[in-house]
1. Looking at the range 110-149 only, could you name the residues that are over 18 Å from Leu39 (Cβ atoms) and in a helix (DSSP H, G or I)?
2. Exactly one condition in (1) modelled with pLDDT of 80 or more; (2) outside any helix (DSSP H, G or I); (3) of a type in the set (Val, Ile, Thr) is false for Ile72; which is it?
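The values are calculated or read from the model by the stated rules, or taken from the named source; none is laboratory data. The model shown is predicted, which means the values in this text are computed figures rather than measured ones. Positions of Cβ are generated from backbone atoms using ideal geometry, with glycine treated the same way; all protein chains shown enter the neighbour counts.
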Amino acid sequence: MASAPACQRWAAARSFRRVAPRAASASALKPFEPPLAQLARLKRRQEFLAVAASGRKFVAPGLILQARKQSIDGSPSAGPVDSAGHETALRVGFTASRKVGNAVARNRARRRLKAASETIMRAHAASDHDYVLVARAGTLTRAYGDLLADLAAGLKHLKLYRTQH
């Protein structure tokens with residue numbers, strides 16, 4: 001069976017209607033909210049090991065939360081520094097070992113942890129700390145609301161939970 005000539009395929013491609021992008025809706029305006037803490041990422045292995053070595057952690061069915069106060073002794077760091085020399089950005093790292101599952105499962109677990117951290121940590125985590133969220137096997141099956149509750153409970157347990165003004 002022969003395929004259609006190339007000129008017919010081009011003609012068919014040109015016949016599809018092109019649609020202009022929609023204008024933004026004016027009804028989607030939100031009232032002013034104070035800015036939330038920015039989430040910077042921990043990316044280097046050395047940063048993950050430093051947080052783990054601090055020994056501050058909380059274990060929940062859906063995740064493990066590790067925390068470490070950011071250093072201000074002049075050591076290299078990725079976070080922005082305020083006028084007093086203290087780092088101001090929240091730095092968060094995400095990890096999932098092969099115990100969680102295959103690559104697809106690990107990526108899904110990390111995505112769920114990232115979504116939970118955007119919701120809880122931006123609003124409630126102390127901004128002068130580095131955090132590592134470790135996925136567990138339960139991260140994949142745990143209800144999202146329970147995952148958020150695990151993260152909030154971890155911050156409260158480590159005394160790093162701050163209420164939003």
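1. Within the range 110-149, Gly138, Thr139, Leu140, Thr141, Tyr144, Gly145, Asp146, Ala149 qualify.
2. So Ile72 meets the others, but not (1).
Yes/no per residue for (1) modelled with pLDDT of 95 or more; (2) within 18 Å of Ala40 (Cβ to Cβ); (3) in contact with a strand residue (DSSP E or B) (Cβ under 9 Å, 6 or more places away or on another chain); (4) buried (at least 17 other Cβ atoms within 10 Å of the Cβ):
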| site | (1), (2), (3), (4) |
| --- | --- |
| Arg112 | yes, no, yes, yes |
| Thr119 | no, yes, no, no |
| Thr139 | yes, no, yes, yes |
| Ala143 | yes, no, no, no |
| Leu147 | yes, no, yes, yes |
| Leu160 | no, yes, yes, yes |
